[in-house]
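To keep things clear, I will list the structure first and then write my remarks on it.
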Amino acid sequence: MILLQPPVVRELEVFTAMPAEFRRTGVRSHWADVNQGGRLADSFLEGPVFDAAGNLYVTDIPFGRIFRIDPAGQWTLVAQWGGEPNGMKFLSATELLVTDYKNGLVAVDIRSGAVRPFLERRNSERFKGVNDLVFDSRGNLFFTDQGQTGLHDPTGRVYRLAPDGRLDLLLSNVPSPNGIVLANDERFLFVAATRGNCVWRMPLLPDGSVSKAGQFFTSYGPSGPDGLAMDEAGNLLVANPGLGYVWVLNRFAEPEVVLRGPRGASVTNLAFGGADRRTLYCTDSTHGTILVARMEVAGQALRTVPQ
């Protein structure tokens, strides 16, 4: 019998914390009442993404905000509206595409803060609650529709929106689909199933169909995998808020490295940044901070949306 080597354990360090002026201390939110057991969360950070200048953008779900954090760790409020924004990707140099739990997909102008609808409904039906998104090199958008699904109601969805507007339902049976990322060759789609405490792996066939979706990785703890990222070597990085970890998995789903957040951290999502894309930035939603670690392998290059 071959015994696996235990993963290398490293500590995530604090890069920057949300300034006190932006924390909604003591303010109740409907989102926190439902999703945080009534905890008075002064913020809940998610959706990290970088622009070409090296600025980091993050969402604050319960208070409908987007912040920009410059390379020195200074925070600026970019936009605020009556939504619950989560995942983000750039549509262009000046506009973010955002999964808004209340409003579907919306586009946000980072210069003015203006918000416009992008995709509110499917066949006149509201989404359950969209969560995260990723583009492929042809401009297809894959996104998760999580809502309040879980093992009690495994009806979470994964969609693909083509550049011509065609919307395909790829999966409709996921217990809490959350983070989503493509393999480097775009032949496989990985989806975090948070309440199933696992990550699914889904082949994408040449004709656009899907087949033989399977469970790639199994975690444990009170809250399962959330945000996902991929590095250039094909390693899958998995943010696990319940454990305060980032798992770094090889192509066999074996944990090779565990990045551990501070005690009590809820590591919800992650993105590679820096000039060489070898610095990993993670949202710690419990403490309202951004955590970092230097990695040996650069992150997957961001795909640009064909204009």
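The values are calculated or read from the model by the stated rules, or taken from the named source; none is laboratory data. This is a predicted model, so every value here is computed, not measured. Ideal geometry is used to build each Cβ from the backbone, glycine not excepted, and the neighbour counts take in all protein chains shown.
Structural remarks
- Residues of segment 86-112 that turn out to be over 20 Å from G147 (Cα atoms), among the polar types (S, T, N, Q) and part of a loop (DSSP other than H, G, I, E, B), as a count: 2
- Restricting attention to segment 113-157, the residues that are within 23 Å of V34 (Cα to Cα), of a type in the set (S, T, Y) and part of a loop (DSSP other than H, G, I, E, B) total 2.
- Check on V238, crowded, with 22+ Cβ neighbours inside 10 Å, among the hydrophobic types (A, V, I, L, M, F, W, C) and in contact with an Asp or Glu (Cβ under 7 Å, 6 or more places away or on another chain): no
- Within segment 220-230, one or more residues are surrounded by 14 or more Cβ atoms within 10 Å (Cβ to Cβ), in contact with a Pro (Cβ under 6 Å, 6 or more places away or on another chain) and among the polar types (S, T, N, Q).
- In segment 8-31, residue farthest from G288 (Cα to Cα) [restricted to those that are assigned to a loop (DSSP other than H, G, I, E, B), basic (K, R) and within 23 Å of the chain's Cα centre (by Cα)]: R24
- Among the residues of segment 68-82, those that are surrounded by fewer than 22 Cβ atoms within 10 Å (Cβ to Cβ) and either of a type in the set (K, R) or farther than 19 Å from G274 by Cβ (or both) comprise R68, T76, L77, V78, Q80, W81, G82.
- All positions within segment 159-190 that are part of a loop (DSSP other than H, G, I, E, B), polar (S, T, N, Q) and buried (at least 21 other Cβ atoms within 10 Å of the Cβ): S176
- Matching residues, segment 19-57, being buried (at least 16 other Cβ atoms within 10 Å of the Cβ) and among the hydrophobic types (A, V, I, L, M, F, W, C): F22, W31, A32, A41, F44, L45, V49, F50, L56
For every residue, the table says whether it meets (1) farther than 15 Å from T283 by Cβ; (2) within 16 Å of the chain's Cα centre (by Cα); (3) polar (S, T, N, Q).
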position: P6; (1), (2), (3): yes, no, no
position: D33; (1), (2), (3): yes, no, no
position: E46; (1), (2), (3): no, yes, no
position: R68; (1), (2), (3): no, no, no
position: G73; (1), (2), (3): no, no, no
position: V78; (1), (2), (3): yes, no, no
position: G82; (1), (2), (3): yes, no, no
position: P85; (1), (2), (3): no, yes, no
position: D100; (1), (2), (3): yes, yes, no
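- Search result, residues across segment 199-229 that are farther than 20 Å from C282 by Cβ and either basic (K, R) or touching a residue at least 24 places away in the same chain (Cβ under 8 Å) (or both): W200, R201, M202, G208, V210, K212, A213, F216
Matching residues to (1) under 14 Å from the mean Cα position of the chain (by Cα); (2) farther than 28 Å from A301 by Cβ:
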position: D145; (1), (2): yes, no
position: R160; (1), (2): no, no
position: A183; (1), (2): no, no
position: F190; (1), (2): yes, no
position: A193; (1), (2): yes, no
position: N197; (1), (2): no, yes
position: L205; (1), (2): no, no
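- Residue check: F252 meets all listed conditions (1) aromatic (F, W, Y); (2) closer than 25 Å to A52 by Cβ; (3) surrounded by fewer than 22 Cβ atoms within 10 Å (Cβ to Cβ) but one, namely (2).
- Within segment 277-307, the residues that satisfy the criterion of being out of contact with any Asp or Glu (no Cβ under 8 Å at 6 or more places or on another chain), surrounded by fewer than 17 Cβ atoms within 10 Å (Cβ to Cβ) and at pLDDT 95 or above are R294, E296.
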